[in-house]
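Written out below as structure tokens is the structure these notes cover.
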Amino acid sequence: MSRVIVLGAGVLGASVAYHLVEAGVQVVVVEAGGPAAGTSSATFAMDVTHLKTPRSYFELNRRSAALHATLAERLGGPSWRHPMPAIQWGDGEQGQRAIRERAIRLQSWGHPCRIADPSELRELAPAVDPRSCTAGELVVHDHSAWYDAPLFVRRLLDRAALLGADVLYGQRVTALLRDGDRVVGAETATRRWTADWVVNCTGPDADRIAALAGTGLPMTRIPGLVGESTPVPDARLGAILATPEVDLRPSPGDRICSISWPVDALLPAEGAAEADSGLEERLHASGQRVIPALREARMAGVRLGIRPVPVDGLPLVGVDPRAPGLYSVVTHSGVNLAPELGRLAAEEITTGGESADLGGYRVTRDTAAAVQDESLSVMTSR
């Protein structure tokens, strides 16, 4: 039986660990904080397949979104996946045209979406103030979903532990062990482990881990603010909303989760220790304009997440020849992609082969020449 150390207990680390243990591998998960303690608990966490380009990346996201449903059924019990439609509308002629053109492209790719009249908001999302939508049309993705990412992580790690994985928290890796050129283990201030493979799933910390092996990863960190309201039982949302000013979705406990690209554009480029209270208020006010019931609520809290974003927006997966034995899995949209990337990474590690499905995402590719993910421009428009 081979032995693998998985660094990171977020969505990617949990998925890799689960799929490795399912394949009969002895696994140790090493995490600096707790389960889903980093970006995985500070994310809007929805099916973002409709936002992804090029076509091959769209298909990867579509397969992974389907695998979420399969995993939830396989594991049984409370599900982290909550199916509901996603509704988009644009601001101004240019914004509306871009959303319409994307919908037409998605339809040609077989994605189930439709152009609808704004009057459908009354049925699909009764909590929305119809006056907040000034667009002449909506795009509705009828088979979307949002994810309870911390629950997703806990379910996968609990199953992995039940099958024999060791899951260790509060252990920040300070060095990688080498045997010649090969990475053969990891150590913290108090412990060390040896293994056949070390898998780097540490999100924003992934380039630091790569540097410990004498390599690097072409990635950046983009901060994002995620808010959650106090309970709003009367907010019968019923859909995920993507509006020009704010995105909103239900959250466990009758709460509303929110993000805003205009607000994120005001964050310091490198992030900060905590969110500015003025930005928190602006985020909440944006949600109140769309969902009047939020005027009776307050922000229960905000999380400042640091998105690990490869420079071309596409995942970074696999092995750098300069550091054999270290396998990296880094991406944004990690919640949506975690099932499929975890499955494919585990398959490559256990078989020693290379999956054609990961061919365009190797850590060694020329990211300057790659086709960028279309949604990257939204995150980087500061």
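Side notes on the structure shown:
- The strands (runs of 3 or more DSSP E) found wholly in the range 34-153 and carrying at least 3 residues that are of a type in the set (A, V, I, L, M, F, W, C) occupy 113-116, 138-141.
- Top-ranked residue in the range 51-64 [being in contact (Cβ under 8 Å) with a residue 60 or more places away in the chain and open to solvent by 10 Å² or more (accessible area, probe 1.4 Å); ranked as nearest to residue 98 (Cα to Cα)]: 51
- Test: residue in the range 308-329 that is out of contact with any strand residue (DSSP E or B) (no Cβ under 9 Å at 6 or more places or on another chain) and part of a helix (DSSP H, G or I): no
- Selection of the range 133-164 for residues being of a type in the set (Gly, Ala, Ser) and more than 23 Å from residue 48 (Cα to Cα) yields 136, 160, 161, 164.
- Residues (open to solvent by 20 Å² or more (accessible area, probe 1.4 Å), in a helix (DSSP H, G or I) and either more than 19 Å from residue 233 (Cα to Cα) or without any contact (Cβ under 8 Å) to a residue 60 or more places away in the chain (or both)) located in the range 280-307: 280, 281, 282, 284, 285, 288, 295
- Only a single item in (1) among the hydrophobic types (A, V, I, L, M, F, W, C); (2) in contact with a Ser or Thr (Cβ under 7 Å, 6 or more places away or on another chain); (3) open to solvent by 30 Å² or more (accessible area, probe 1.4 Å) is not met by residue 32, and it is number (2).
- Residue match in the range 190-206 (condition: surrounded by fewer than 21 Cβ atoms within 10 Å (Cβ to Cβ), in contact with a Ser or Thr (Cβ under 9 Å, 6 or more places away or on another chain) and without any contact (Cβ under 8 Å) to a residue 60 or more places away in the chain): no
- Note on the range 116-167: residues that are within 25 Å of residue 333 (Cα to Cα), open to solvent by 30 Å² or more (accessible area, probe 1.4 Å) and touching a strand residue (DSSP E or B) at 6+ places or on another chain (Cβ under 6 Å) amount to 1.
- Residue among 42, 9 that is in contact with a strand residue (DSSP E or B) (Cβ under 8 Å, 6 or more places away or on another chain), under 30 Å from residue 103 (Cα atoms) and open to solvent by less than 20 Å² (accessible area, probe 1.4 Å): 42
The values are calculated or read from the model by the stated rules, or taken from the named source; none is laboratory data. The model shown is predicted, which means the values in this text are computed figures rather than measured ones. All Cβ positions, glycine included, derive from the backbone under ideal geometry; neighbour counts span all protein chains shown. All accessible areas refer to the heavy atoms of the entire protein, side chains included, with ligands and DNA or RNA removed. Shrake-Rupley method; radii C 1.70, N 1.55, O 1.52, S 1.80 Å.
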